[in-house]
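The values are calculated or read from the model by the stated rules, or taken from the named source; none is laboratory data. Note that the structure is predicted; figures quoted are calculated from it, not measured. Positions of Cβ are generated from backbone atoms using ideal geometry, with glycine treated the same way; all protein chains shown enter the neighbour counts. Note: accessible area is taken over every heavy atom of the protein model, side chains too, but ligands, DNA and RNA are not part of it. Shrake-Rupley method; radii C 1.70, N 1.55, O 1.52, S 1.80 Å.
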Amino acid sequence: MTYPLAYSTLGSPDWTFAHTVEQAAANGYQALEVRVYNGEIIPPTLPAAEIAQIRATLEAHNVGIVALGLSTRFNAPDAATRRQNVDDLRQYIALADALDCPMVRTFGGEPQPGSSLDEVVTWVAEALNECAPWAEQHGIGILLETHDAFARSEIVARALAQIPSTSVGAVWDVHHPYRMGETIDQVWANIGPRVKHIHMKDATQRPDGTWQLVPMGEGEVPCRAILARLYAEDYAGAISAEWEKKWHPEIAEPEVAMPQHAQVLRQWMAEIEKSG
């Protein structure tokens, strides 16, 4: 089995959505993960005519949308702010349904002054439990990412342990647990059965401890070993190449990054399949 390849639109923030679809198809991607839409973070609602145009563009190039990348998070001590994020998440779920997109990604968030990580974990669990029936009704998965205060998979696992719905799972962004010191074995033990999507990206650590994103296979994140583990565990989702050009304008242009990620990931998958 060759995993479907997706490309996150974070990697082409200055391209129109239509051009991104066109280039994804040209480079052999089966899907997009839509975080940026025509230069901006995708909003929770779009006009019906625009949804129809998106669907037509995707169909014309035989490309799907594998996930919507949201900015929703549930870390605010203020209950009204958390409520707004719950409402936004519900709207995004409906939008995903309209776009034939099976998943939405959410963040947990960082603790704010006066609150603790334990409280944030509880708030995240409460919010996702509230949204789970809506997600089930629409046939959409809600995925909590290994990101921000939830960069360690053990924190994601603490939240998911309080959420029984199978509509709620995890995105394994491979960089963040690695930079937090977690091994592949630890991540899989913590969240493996609930991992429904993968953000694959490579990076190297600078002398000052910060990280530099680099082309796939040229950094220290064990991306190939993670891919091999996914095969061994019969992971059944997609692999999304996440090149964060939107947040790091100094990194390579999408004309370079899009084909490079696809080429390396396809090569690794062919090698793993052959060896297995």
- Message: Check which residues have an amide H placed less than 5 Å from ASP202's amide H, if you skip close sequence neighbours.
- Response: VAL214
- With x for Gly and Pro, the residue-by-residue ³J(HN,Hα) of the range 112-124, computed from phi through the Karplus equation 6.51 cos²θ - 1.76 cosθ + 1.60 at θ = phi - 60° and given in whole Hz, is 8, x, x, 10, 10, 4, 4, 5, 4, 4, 5, 5, 4
- Item | Answer label, with mean projected area of the Cα convex hull in nm² calculated from the coordinates and candidates (1) 12.8; (2) 19.7; (3) 14.2 | (3)
- Message: Can you compute the radius of gyration and Dmax for the range 22-92, using only the Cα atoms, both in Å?
- Response: 14.9, 46
- Query: So what's the gap between the Cα centers of the range 3-59 and the range 186-264, to the nearest angstrom?
  - Reply: 20
- Note on the structure: Residue-ordered couplings for the range 61-71, obtained by feeding phi - 60° into the Karplus form 6.51 cos²θ - 1.76 cosθ + 1.60 and rounding to whole Hz (Gly and Pro as x), are 10, 6, 10, x, 10, 8, 6, 9, x, 8, 9
- Only Lys, Arg (+1) and Asp, Glu (-1) charged, at Cβ; the range 16-131 dipole about Cα centre in debye: 120
- Query: Taking θ as phi - 60°, what are the ³J(HN,Hα) couplings along the range 170-186 by the Karplus curve (6.51, -1.76, 1.60), each to the nearest whole Hz, with x for Gly and Pro?
  - Reply: 10, 9, 8, 7, 5, 6, 5, x, 4, 5, 8, x, 7, 8, 4, 4, 5
- Semi-axes of the equivalent ellipsoid of the range 57-194: what are they in whole Å, largest first, if each equals the square root of 5 times a C-alpha gyration tensor eigenvalue? 24, 19, 13
- Cα-projected label distance for ASP234 with ASP97, points at 7 Å along beta-carbon direction, nm: 3.1
- Item | Surface accessible to a 1.4 Å probe, TYR92 within the full protein complex, Å² | 20
- Can you give the convex hull volume per residue for the Cα atoms of the range 104-256, as a whole number of Å³? 135
